Amino acid sequence: MHQLWLLALTSTGTKKGELFLADINTQLKHKNVTTDIKVDTGSNLFATFTIDEPTPGLRTILSLKVPDQRSGKLELQYLNEYAGISSSIGLTANPIVNFSGVLGNDKIAVGTDLSFDSKEGALSKCNFGASFKNIDLIASLTLNDKGDTLTGSYYHTVNPVTSTAVGAEVTHNFSSNENTITVGTQHLLDPFTTVKTRLNNFGNASALIQHEWRPKSLITVSTEVDTKSIDKSAKFGLALALKP
């Protein structure tokens with residue numbers, strides 16, 4: 001005998017002026033199939049069906065909205081120790097097909113993110129990336145905007161005791177032939193106070209000091225200045241984050 005489990009049943013309501021908006025959410029589970037259903041006061045029905053691991057590492061998700069016939073989407077996800085893949089397709093006459101995937105381990109990884117518009121017959125998104133990670137450094141190279149923007153970045157921990165680190169990022173835009181170079185540093189003044197600085201090739205310099213004055217509560221003071229236009233006023237900022 002197979003059992004159907006009701007995992008959750010919730011209802012929310014909001015009043016906006018003379019309007020009262022409400023919805024009812026239901027979650028059902030049968031074996032490895034989870035169904036989420038939402039109905040709102042606009043007579044819209046949202047449904048998501050998730051099949052967990054029909055085979056090891058695979059998940060299938062079907063989502064749709066009634067009465068919107070163009071909202072249907074089928075998504076496949078696969079994950080194992082060395083690979084993660086996600087693909088989706090709209091359930092329409094001219095769907096957009098999305099694919100993203102990454103291969104690698106704890107040191108080297110390569111990945112891509114693609115979208116194909118079947119109506120236009122062309123790629124609407126095409127990105128590639130690769131990264132290398134070691135004990136004290138992280139380096140990455142990405143090609144975005146359908147091959148128009150190339151970015152390389154490097155982050156190196158100089159002293160793990162004081163969290164002293166240096167980093168750099170170089171971006172080249174092929175269509176405008178413009179380069180952006182940014183370098184930055186960080187250093188721990190004491191166990192509760194961190195200083196960070198950043199400068200790019202356009203002369204924009206910024207710095208901040210952040211202090212944890214009690215557990216999980218931070219106060220941050222920052223400033224930014226255009227070194228090529230000293231006559232312009234510098235920008236200052238103050239942020240306070242409180243957590244109980």
Which of (1) of a type outside the set (Lys, Arg); (2) modelled with pLDDT of 95 or more; (3) surrounded by 15 or more Cβ atoms within 10 Å (Cβ to Cβ) is the odd one out, the single condition Ala83 does not satisfy? (3)
Among Asp36, Asp23, the single one that is within 26 Å of the chain's Cα centre (by Cα), of a type outside the set (A, V, I, L, M, F, W, C), surrounded by 14 or more Cβ atoms within 10 Å (Cβ to Cβ) and not in a loop (DSSP other than H, G, I, E, B) is Asp36
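Being of a type in the set (Phe, Trp, Tyr) and closer than 24 Å to Glu75 by Cα is the filter here; which residues of region 6-55 pass it?
Within region 6-55, Phe46, Phe49 meet the criteria.
Are any residues in region 218-238 surrounded by fewer than 13 Cβ atoms within 10 Å (Cβ to Cβ) and either out of contact with any Phe, Trp or Tyr (no Cβ under 8 Å at 6 or more places or on another chain) or not assigned by the TED database to the domain that holds Ala207 (or both), and if so, which ones? Show your work before the answer.
Pass one, region 218-238, residues surrounded by fewer than 13 Cβ atoms within 10 Å (Cβ to Cβ): 227-238.
Thr227, Ser229, Ile230, Asp231, Lys232, Ser233, Ala234, Lys235, Phe236, Gly237, Leu238, listed by residue number.
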For residues that are of a type in the set (Ser, Thr, Tyr) and modelled with pLDDT of 90 or more, scanning just region 31-75, find the one that is farthest from Ala8 (Cα to Cα). Thr60
Just checking, does region 107-122 include any residue being surrounded by 15 or more Cβ atoms within 10 Å (Cβ to Cβ), over 28 Å from Phe46 (Cβ atoms) and either of a type in the set (Lys, Arg) or more than 21 Å from the chain's Cα centre (by Cα) (or both)? no
Suppose we keep only residues that are in contact (Cβ under 8 Å) with a residue 24 or more places away in the chain and small (Gly, Ala, Ser) within region 155-213. Which one would you say is surrounded by the most Cβ atoms within 10 Å (Cβ to Cβ)? Ser163
Quick check on Leu143: is it at pLDDT below 95 and either part of a strand (DSSP E or B) or closer than 30 Å to Asp117 by Cα (or both)? no
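The values are calculated or read from the model by the stated rules, or taken from the named source; none is laboratory data. The model shown is predicted, which means the values in this text are computed figures rather than measured ones. In this analysis, Cβ positions are derived from the backbone assuming ideal geometry, glycine residues included, and neighbour counts consider all displayed protein chains.
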